[in-house]
Each structure stands twice: as structure tokens, then as C-alpha cells.
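Here, each number is a calculation from the coordinates, and none is a lab measurement. Everything quoted here is computed from the prediction, not taken from an experiment. Because the Cβ atoms are built from the backbone with ideal geometry, glycine has one as well, and the counts that use them run over all protein chains shown.
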Amino acid sequence: MSIVAQVKFDNYKNSISKALDLIGAGEKLPQDGLIIIKPNLTIASPPPVTTDVKAAEAVYQYCKAHSKAKIAIGEGCGSGTTANVYAALGYIELAKKYDIELLDFNDADSIVLENKNAFQLKRFHMPKIVQNAYIISLPVLKDHSFTETTIAMKNMFGIAPGKFYSGGWNKSQLHSPSTDKSVVDICMYKKPDLSIVDASTALSGMHLSGRAVNIGLILASFDPVAVDTIGSELLGHDPNDLPFLTLANNLLGTMTDYEIVEG
């Protein structure tokens, strides 16, 4: 059974720490290698379109307190350049404060992986630095134009190098013919090891604009399917109507066999 923490939002440091403690994250973080915090920084718009830099700081502080591994922040933005998005949203200042490396997956050196069981991405370009890293998906809870919701799993689109998947925008090729299948395929190549969802203020209606909705929660789980199921319900959707979830069920996690622990 998967465990999902659901904590009332107070501030990022307290609420994220509490959520992670509830799922025992401190004891399960790797003690060597690389931890990559992967926020949702698809464009340069401020939160809740993107992950608040204070949320990333709270996750960094928790990891630093519980792990000896190197910690970096990584993204490959969906529009514009990742460097400009980092700058616009305060991540460069955060990196300077703690001496954190900021990774740009859009231009990173990559390898080609193959999976004959993938739904449509039989071959996938993955940044080399991602392959053996411990990935923490740190999205905002949002509706999405293609997949209805974008949470922990959809956030992994950021690891796809834009130089291989761009068209009208940096990741446009991943949205055709099925965005839902691309979500599952990318997570089959590299699913998040840990997911922390900022549901303090969600975005309803559309992932690049929409309406801010006060949900007042932080979610955390090692199971991205379970956390995305709960997040989708919080946004008012029936998870059984969302193809990326039904395809991922019992493949990348569970839509049903989970327990919510509250704090």
C-alpha cells in the first residue's frame, strides 16, 4: 500500500517538512550520488503557474538536513530559455545563497534509451545526469489543457531535452499524438523517486493561466500515481476519466491501494 501525506499549509518549510516526515522521507533519501529537485518552471510566469522558489528552498533544506548526497535543481522549460526562467523566478538567487547547481535539461548531454513496451516513445533522449539521479518532482497542483491535470508525473516532461522535442514550443512533439501516453512513457524511463505537490494555491482551468484556487495543502508520496490521483480529485476530476492515470495504474503506482496520512 502506498502512503500519501496530506498536510495543511502553514508555510513551505514547516508544511513540506511535516509532509516528508509523515512518509518517512528522511530515512529513505540517498546518502550519496545526486538528488535533483525538479520544480515546474515551464514558463517565466509567477506562482501558481510555476513552483514557488520558497518551496524549492524548503525541499533543499530538508534534503540537506537528511542526506549527504549532492543536491541540484533541474528543469528544461517549455517556452523560452531555462536560464531566463530561473532568473525571472528567483532561482538564481536561491542557487547563489546555497551554492546549488542549476541544471538545464533542454541543452544537457543526453543518451538514447529504448523501451519496446512504451505506448508511443519507443526511443527517448534522456539527459545523462538524470539517468542515475534521485529525482524529486516538485509541481504545483494545476489543471492542464491536454491531460486535464498536471501534477507529479506530467512535471517529468521537463527532463526531455527541448533540442530533440521542440516544434511550436520546446516540448511540442511530446504532445502528439497523445500527451497522456507521453506522460506515462517518460515516467517509465524515469519516474520521480519522490513527489511533493504544492497544493497551497492550485490553478484551475488552464496550466498557463487559469484561476487561482485556495486548496491549502501540501501532498507528498513515493508513489506518483497515488499522489496524482488525489491531486486530480482535489481539482474536481474523476481520476478514472484521466488516461494518463489509468494507463499508469499498476504500472508506475496505484490509483486505489493507498492510504492518506494527514497532518
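A few remarks follow.
- Cross-link pairs beyond the 19 Å C-alpha cut-off, checked among Lys96/Lys128; Lys96/Lys163; Lys116/Lys191; Lys116/Lys190: Lys96/Lys128; Lys96/Lys163
- Pairwise centroid distance, computed over Cα atoms, of the range 214-263 with the range 136-161, Å: 13
- Computed lengthening from Asn214 to Thr256, 0.36 nm per intervening residue step minus Cα-Cα distance: 12.6 nm
- Taking 7 Å steps out from each Cα toward its Cβ at Lys97 and Thr246 produces label points 4.4 nm apart.
- Helical runs assigned H by DSSP (4 residues or longer) give the chain a calculated mean residue ellipticity at 222 nm of -8000 deg cm²/dmol, each run adding -39500 (n - 2.57) before division by the residue total.
- Each of the peptides 27-39, 126-138 was scored by the mean count of other Cβ atoms within 10 Å over its residues; in descending order, highest first, they stand as 126-138, 27-39.
- For the range 108-124, 3J(HN,Hα) per residue [Karplus equation, 6.51 cos²θ - 1.76 cosθ + 1.60, θ = phi - 60°, Hz, x = Gly/Pro]: 6, 4, 10, 10, 9, 10, 10, 8, 5, 8, 5, 6, 8, 8, 5, 10, 9
- Tyr134 long-range amide H proximity, modeled H, under 5 Å: Leu34, Ile35, Ile36
- Dipole axis of the range 2-262 (+1 Lys, Arg; -1 Asp, Glu on Cβ), positive-most option in Ile111, Asn132, Thr201: Ile111
- Couplings for the range 235-243, taken from phi via the Karplus curve 6.51 cos²θ - 1.76 cosθ + 1.60 with θ = phi - 60°, read 8, x, 9, 8, x, 5, 9, 9, x Hz in order; Gly and Pro are left as x.
- Built amide H within the under 5 Å cut-off of Ala69, gap 5+: Asp32
- FRET E, pair Phe146, Gln31, Förster distance 30 Å, beta-carbon r, rounded to 0.05: 0.20
- Estimated distance in nm for a label pair at Lys163 and Asn84, the labels positioned 7 Å out from Cα along Cα-to-Cβ: 1.9
- Put simply, the amide H of Ser2, placed in the peptide plane, has neighbours under 5 Å in Tyr258, Glu259, leaving out anything fewer than 5 places away on its chain.
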